Every structure is written in structure tokens, then in C-alpha cells.
Amino acid sequence: MRAVLLTLLLIVGSGALAKCAGPQMWAYPSGKTLAQDQALLIEAYQVDHALFMTHLRNGMAYLTAGETRVPLRFITGQAGQFSLCQAMFIPTAALEIGRTYTLYLEDLPAALPRPLRWEDLFEAVPYSWTIAAPSGHTSMTVAREAIVARSTLVEYGCGPATYIYVELGTAIPQGALCEVRLTREDGNRTNYILQVKDGLVAIGHGMCSGAFGLIPGELYTADLTLLRSDGQVLPKSKRSVSFVGPTEETTEE
């Protein structure tokens, strides 16, 4: 069995395999450092969205370090179009720089999995972060216009992965958060918070899950607004761009 799992890992990667395996939760930042002023995101795959939101809204999320327990205040939550939902939090008290805190969800219902960080295919551990100095991401330089850098459509065995990559500017810090409001031509609208990577925001979904279920050939308008490190909207950062859901197959996501 271990040999079979290893083969699957080599074929699809541990992240893709983990996210297709059943209900899961994970958290952002994905690394092991958290800035003192930084908001946290908890994301869930294949869970009851109403149950997820109800539980996390009710003050059940904490950061713990020894006997210290810091409640997390719920800021906002969204349901994606393709098996994902998310909730954003900010600590209610100052975190001690240099100290390590662990994410804890109290009285978690049996239907909700605990958020775990996959160290590799065979080991998942609770999320812990060592606190760093405030990030200072209170201002960012955004490109004058958002533009579509590229689009992808890859047909996998379990279904397609498709993305529109929107460029917001190379001066944006790696891992900054962006709230995306995607509106289809018929008025259907979905909000979701995504990370900015190399100045790009990837709008769409992977083989098993994603924030936005793009329909090939459909016209969309995306409003993209950057968030400060504390999860609040960065003034004057909103950019909009229109595009059509990808129709031509590509070899890479």
C-alpha cells in the first residue's frame, strides 16, 4: 500500500492528492512564520459550509502557547464555487514576537476535520507559527490596470484545472491577500480571498477544488482589491478586468 501511495504522490503531487482525499482544513500562512499584525485564513474542502461558518463565527478559534490562549476574532467568510470555503481571523491580543503559537479549534463537530499542515504524504501536523515583527504591509504599489497575463485549461483524469492569471504589479509583496469578486455575465457573483504570487492572482480551480468554477466561453468581470496584513481593505487598490472562461487546452496550469 505504501508503494501505491508513493506512486500516486509522484504522479499528482502530495498537495493535489491530499485535497482530493476527502474533507480537510488547512490554514494561511502556509509557512511557519506569522507576522504580529497578520490575519489568518482557515480554508475547508468538502465540508458543510453553514456548519463551518457557524462554528468559527462563535469564537471557537484560538492560538495557544503553553498556558497562553489568544482568541481569534472572525472578520469575514466566503463560500467558493468548487468545494471550498474560508474564514478570516485576527488575534484579539498582541502576540509575543519570537514565541510559537499553535492553532486550536475548540469543540470541533465530528463532521469538521481539524486543520492540518501536510509535512509530506504520510505526516500531517497542527499548524504552528513563530511570531515575527509586524509586516508593515499597510501600503502597496498596485499597477495602474489589472491585465490578464495568461489563461490555462488542463484536462486531468478527474476533471479539468483552469485558471485566469491576472497581473496586479510586481511590487506587491509575495503572499499578500486579494479579495476577488467575480461576476458572470448573467449576474451570478462569488467572492473569495486569494494570495498574490509573483504579482499574479490565479482565478479558477484545480482538478479537485478551487474558488471559482469558470465555464468555458462565459464572460466574467473580476473586481480585485488588495488587503492589508490585518485583513482590512487597502484604500484605492481596487482594479477590474474582464475575460472569457478558457476554451483552449494548455499543457500546464
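The values are calculated or read from the model by the stated rules, or taken from the named source; none is laboratory data. None of these values were measured; they are calculated from a predicted model. So basically every Cβ, Gly included, is an ideal-geometry build from the backbone, and we count neighbours across all protein chains shown. Just so you know, the surface numbers come from the protein's heavy atoms only, side chains and all, with ligands and any DNA or RNA stripped out. Shrake-Rupley method; radii C 1.70, N 1.55, O 1.52, S 1.80 Å.
Normalised by the number of residues in the stretch 48-121, the mean separation of alpha-carbon contacts (under 8 Å, six or more apart) gives a relative contact order of 31 percent.
Can you say what percent of the DSSP beta bridges in the chain, counting only those with both residues inside, are antiparallel? Round to 5. Just about 95 percent of them are antiparallel. A protection proxy built from the mean count of other Cβ atoms within 10 Å ranks the segments 236-247, 101-112, 85-96, 202-213, most packed first, as 202-213, 85-96, 236-247, 101-112. What residue among 81, 195, 232 has the largest mean-square fluctuation in a Gaussian network model of the chain, using Cα springs under 10 Å? Of 81, 195, 232, the Gaussian network model singles out 232 as fluctuating most.
Phi angles of the stretch 113-118 translate, via the Karplus equation with coefficients 6.51, -1.76, 1.60 and θ = phi - 60°, into HN-Hα couplings of x, 6, x, 10, 9, 7 Hz per residue; Gly and Pro are given as x. For the chain, how many pairs of lysine residues have a Cα-Cα distance under 27 Å, where the two are 8 or more positions apart or belong to different chains? Qualifying lysine pairs in the chain: 5. Please give the FRET efficiency for residue 186 paired with residue 236, using the beta carbon to beta carbon distance and R0 = 41 Å, rounded to the nearest 0.05. It comes to 0.85. Applying 1/(1 + (r/R0)^6) with R0 = 22 Å to the Cβ-Cβ distance of residue 248 and residue 219 gives a FRET efficiency near 0.85. Overall, the chain carries a charge dipole of about 560 debye about its Cα centre when +1 sits on the Cβ of Lys and Arg and -1 on the Cβ of Asp and Glu, all other atoms neutral. Using a 10 angstrom cutoff on alpha carbons, build the Gaussian network for the chain and name the most mobile of 67, 179, 123. Judging by the Gaussian network model, the answer is 67. Entry comment: accessible area of the chain is 49 Å² per residue, from protein heavy atoms only and a probe of 1.4 Å.
Backbone phi angles across the stretch 195-201, fed through the Karplus curve with coefficients 6.51, -1.76 and 1.60 (θ = phi - 60°), yield HN-Hα couplings of 7, 8, 10, 6, x, 10, 10 Hz in residue order; Gly and Pro are listed as x. Remark: relative contact order (the chain) = 19 percent; criterion is Cα-Cα distance under 8 angstrom and separation of 6 or more residues. Residue 174 to residue 94: FRET efficiency via 1/(1 + (r/R0)^6), r the Cβ-Cβ distance, R0 22 Å, to the nearest 0.05? For R0 = 22 Å, the calculated efficiency reads 0.35.
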